[in-house]
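Below is one structure, written out as structure tokens; comments come after it.
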Amino acid sequence: MQEQSQSLPMPPVSTRDGNLRCPHCFMPSHRRTSEEINITTRSLLFACTNAFCGHTWRATLTYEYGLVPSAIPNPEMAALPMRTPSRSEVMAAVREARLGADGSEIDINQLDLFAAFTAQA
């Protein structure tokens, strides 16, 4: 008789609050503290929620690049890198924007019901 390994379902980890899974037991963790190193870098301390594991670790959160320029740029931070998307990424976004909720292509010649209201504003 062959043994089957049973894996437990993984609890959800909220990505909105920046929590990570424990690298040892894969359970959710809690961010315990954070400390600003400089304007673009923070040092974070995480603790595993699994009482039997108890692993704690330090991680780093850093600024990589901007996607959209700031409307109120900080002159001291003018050297922050910006990412320019490739043509293929832009075209993929345009194609995605042309798709309806059901995945069918939207007719770009179709009049917009609210276009008259936005033109007056």
Residues in segment 44-62 reached by a label modelled at residue 34 [backbone nitrogen below 12 Å; 7 Å Cα→Cβ]: 44-46, 59-62
Relative to the present Cα-Cα distance, how much length would full extension add between residue 43 and residue 99 at 0.36 nm per residue of separation? 16.1 nm
Using amide H atoms built in the peptide plane, which far-off residues or other-chain residues are under 5 Å from residue 66 H to H? 82, 83
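Any read-out appearing in this document is the output of simple, stated calculations on the displayed coordinates, not a laboratory observation. This is a predicted model, so every value here is computed, not measured. Don't worry about glycine lacking a Cβ; one is built from the backbone with ideal geometry, like all the others, and counts go over all protein chains shown.
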